[in-house]
Amino acid sequence: MTEDVLEPQAEVAVPKTGATPIIRVENLHKTYDLGEVQVHALRGISLDILPGEFVAIMGASGSGKSTFMNLIGCLDHPTRGRYFLDGQDVSTLSKRELARIRNRKIGFVFQGFNLLPRTSAVENVELPLIYSGVSHEERVERARDALGIVGLAGREDHHPSQLSGGQQQRVAIARALINNPSLVLADEPTGNLDSRTSVEIMEIFQRLSKERTLTILLVTHEPDIARYANRVVLFRDGKVRRDEPVEERADAVEVLKTLPLIDADEEEES
Amino acid sequence: MDLTAVIRVALRALARNKMRTALTMLGIIIGVGAVICTVAIGQGASNQVQEQLRNLGDNIVFIAAGSVNQHGVRMGSSATKTLSLADAKAIQQQVPMVSRVSPGVGAQVQVVYGNQNWNTRVRGASPEYLEIRRWPVANGGSFSQHEVDAAANVCLIGQTVVANLFGGEDPVNKTVRIQNLPFRVIGVLASRGQSPFGQDEDDTIIMPYTTVQKKISGIDWLNYIMCSAISADAIHPAQQQIAALLRQRHRLRADEDDDFIIRSPTDLANVQAQAGRIMTLLLASIASVSLLVGGIGIMNIMLVSVTERTREIGVRMAVGATEEDVQMQFLSEAMVLSLLGGSAGVLLGVAASVGVSSMLQWPTSVPPQAIVIAVLFSAGVGIFFGYYPARKAARLDPIEALRYE
């Protein structure tokens, strides 16, 4: 492993525990060169995230949180600094190698769901497996299992247009989970959802983080949503301004009991 | 991704927009159909010319006795008496480009059998004549060199003569009378129908040239000499060599005109066939322009598709598709599009050529290699015009693509 070669980082507080971090970033910089001006989106981020942590990333627009998520999601290269995912230095990998890392280790959940239209739930969920060379039969089987986990058993052949927003987001979560990633990145997953449905999505994330030691990074604007995480990292001006555990963590299962049902479709929560 | 998965994904993407897919394919369908149809018509015409060429004989070089210029009065062809049997023998021996030679004399005669009579043309020839003209004997046999030497009273008769003199009777070994001389019919010529120049080829009698010279025309010269060149390419050099030989033999001065005329119907027909081929090529290349337009249609729709599906591309890249995967996906869509269009175009082209031959009575023939080339070419069109959109899709930045509205 690489920990012994790491230089000590003093800029921000990282949880001092013995576990191997799933994410370790060291002095991460990202500068966009727009010709005449240079935009410093990230100005030295150092952070450790442990397996099973549910981290909410907050910050105003332009704070650098989106840039940070793109780097964590292996969609972009840092200008400077290093990023270890699961112990592997991924900051210098080629595009093709990054695609493979995204395929095997990272699941993405987006604000706008980003499902393929006119494509059934199963076919949407199996998408990452197509690029892992998994056989058709196995893809369908695993996609059905993943849809069961997010409470969509019986809706495998529905197209996105036949599903509610909450159900579409669950299909997207099932797609993120299909390859058993170590990390799920959720970019404002509740941004397009009503409050009850948002809590239902949080319930799924809390459950996955607890039961599967899945690491979840959640970008959100809403402090109410951030309360479901167990750690909040606040970005401002390309730096980590605050990084602290959530004091009074909300339990989605408990919250749901207090909320009235809005849509009969959403009743199938397990 | 394996090939079947690639094709399945491509088919599904195309099936999502059936109308657009069909319209895009239409360009290729019409292009390939038009090329197949023109090639089929051209091939049919070419086959017909080839058939005519075969019927014309074996690379024939025809030397007719020419006009004479006596004190400024020019006579018509065959007016000279200078073309001789010795000329024929000299050609046979001294012109290596010539394989067979038959001396020729002709006369218009009245033929009588029983109470029937018929006016026809008699041709005096050597036994090689039938080979030179590729004219088989349908019934009976031909005459030999022995009968030529003996100036025997034997003859072969054409189908028209048979019909007019014999009705239903078998003419072989019957005796006809020509200018009061008895001739034994030893064979009946196969039917040839019309010559390319509209004459009834079957209205003729063939017998040894010696017999015609001595017993019918009473001449010792020839009206013409018919030769076979050793190949189609040899026709032209053979003509020149024969001309040189005959000028020398006839002792013509440099300022004197030829006293013979050399023609080659094969040569003429070859030029016709060549012109037909050029015409077909021209039409096919005009038709293939529509294939090009169809290809541009594919490129256009693929570019629209890439723009429309920018988010899809972003998602695919986020979940692990490499540039190659994305490029392959769009390239295979373009190829499936053009291959399906190409195959449908082949069907359309074959159907259209069948329609043309039944409605316009034109001979058509679809050469199998044209189908293979058309399908390969349409696949090539797909790759060529699909490459740029596919490249554009593959080069998208996943972050930008995911943010695309």
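Data table
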{"item": "Test: B:N164 is over 31 Å from the mean Cα position of the chain (by Cα), without any contact (Cβ under 8 Å) to a residue 60 or more places away in the chain and over 28 Å from B:L53 (Cα atoms)", "result": "yes"}
{"item": "The range B:320-336 residues that are within 13 Å of another protein chain (Cβ to nearest Cβ), paired with ones that are among the hydroxyl-bearing types (S, T, Y) (beta carbon under 8 Å, 6 or more apart)", "result": "B:G320/A:Y131; B:G320/A:S132; B:A321/A:Y131; B:T322/A:Y131; B:D325/A:Y131"}
{"item": "Evaluation of B:I261 against (1) surrounded by 17 or more Cβ atoms within 10 Å (Cβ to Cβ); (2) β-branched (V, I, T); (3) closer than 16 Å to B:G66 by Cα; (4) at pLDDT below 90 (one fails), failing number", "result": "(1)"}
{"item": "Search result, residues across the range B:120-134 that are surrounded by fewer than 19 Cβ atoms within 10 Å (Cβ to Cβ) and touching a helix residue (DSSP H, G or I) at 6+ places or on another chain (Cβ under 9 Å)", "result": "B:P127, B:R134"}
{"item": "Some residue of the range B:202-218 being under 14 Å from B:A163 (Cβ atoms) and not β-branched (V, I, T)", "result": "yes"}
{"item": "Within the range A:191-214, considering residues that are modelled with pLDDT of 90 or more and not in a helix (DSSP H, G or I), the one farthest from the other protein chains (Cβ to nearest Cβ)", "result": "A:D194"}
{"item": "Residue within the range B:368-382 that is surrounded by fewer than 17 Cβ atoms within 10 Å (Cβ to Cβ), in the same structural domain as B:I7 (by TED's automatic domain parsing) and not in a helix (DSSP H, G or I) present", "result": "no"}
{"item": "The range A:97-118 - residue that is facing chain B (nearest Cβ under 8 Å) and of a type in the set (K, R) and, of those, farthest from A:R170 (Cα to Cα)", "result": "A:R100"}
{"item": "Residue match in the range A:54-62 (condition: under 13 Å from A:R231 (Cβ atoms), in contact with a Lys or Arg (Cβ under 8 Å, 6 or more places away or on another chain) and either within 14 Å of another protein chain (Cβ to nearest Cβ) or not hydrophobic (A, V, I, L, M, F, W, C) (or both))", "result": "no"}
{"item": "Subset tally (residues that are of a type in the set (S, T, N, Q), surrounded by fewer than 17 Cβ atoms within 10 Å (Cβ to Cβ) and more than 14 Å from every other protein chain (Cβ to nearest Cβ)) for the range A:80-96", "result": "2"}
{"item": "Failed criterion for B:R253 (all others in (1) surrounded by fewer than 18 Cβ atoms within 10 Å (Cβ to Cβ); (2) closer than 30 Å to A:R175 by Cα hold)", "result": "(2)"}
{"item": "Tally of residues being under 13 Å from B:D87 (Cβ atoms) and of a type outside the set (A, V, I, L, M) across the range B:210-240", "result": "5"}
{"item": "Test: residue in the range A:139-154 that is surrounded by fewer than 24 Cβ atoms within 10 Å (Cβ to Cβ) and within 11 Å of another protein chain (Cβ to nearest Cβ)", "result": "yes"}
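Yes/no matrix, rows are residues, columns are (1) at pLDDT 95 or above; (2) under 14 Å from the mean Cα position of the chain (by Cα):
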| residue | (1), (2) |
| --- | --- |
| A:L116 | no, no |
| A:S120 | no, no |
| A:E123 | no, no |
| A:V150 | no, no |
| A:E156 | no, no |
| A:G165 | no, no |
| A:A174 | yes, yes |
| A:P189 | no, yes |
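Here's the yes/no breakdown for (1) surrounded by 17 or more Cβ atoms within 10 Å (Cβ to Cβ); (2) polar (S, T, N, Q); (3) within 14 Å of chain A (Cβ to nearest Cβ); (4) over 30 Å from the mean Cα position of the chain (by Cα):
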| site | (1), (2), (3), (4) |
| --- | --- |
| B:L339 | yes, no, no, yes |
| B:A351 | no, no, no, no |
| B:G355 | no, no, no, no |
| B:S358 | no, yes, no, no |
| B:T364 | yes, yes, no, no |
| B:E400 | no, no, yes, yes |
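Listed here are the residues, each with its yes/no results for (1) closer than 30 Å to B:V101 by Cα; (2) outside any helix (DSSP H, G or I); (3) of a type in the set (G, A, S); (4) not assigned by TED's automatic domain parsing to the domain that holds B:T80.
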{"position": "B:A238", "(1), (2), (3), (4)": "yes, no, yes, no"}
{"position": "B:R247", "(1), (2), (3), (4)": "yes, no, no, no"}
{"position": "B:G314", "(1), (2), (3), (4)": "no, no, yes, yes"}
{"position": "B:D325", "(1), (2), (3), (4)": "no, no, no, yes"}
{"position": "B:M328", "(1), (2), (3), (4)": "no, no, no, yes"}
{"position": "B:L331", "(1), (2), (3), (4)": "no, no, no, yes"}
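Residues checked against (1) at pLDDT 90 or above; (2) assigned to a loop (DSSP other than H, G, I, E, B); (3) within 18 Å of B:V111 (Cβ to Cβ):
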| site | (1), (2), (3) |
| --- | --- |
| B:R184 | yes, no, yes |
| B:M207 | yes, no, yes |
| B:T210 | yes, no, no |
| B:S231 | no, yes, no |
| B:Q241 | yes, no, no |
| B:A244 | yes, no, no |
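The values are calculated or read from the model by the stated rules, or taken from the named source; none is laboratory data. It should be emphasised that the depicted structure is a prediction, and the values quoted were computed from it without experimental measurement. So basically every Cβ, Gly included, is an ideal-geometry build from the backbone, and we count neighbours across all protein chains shown.
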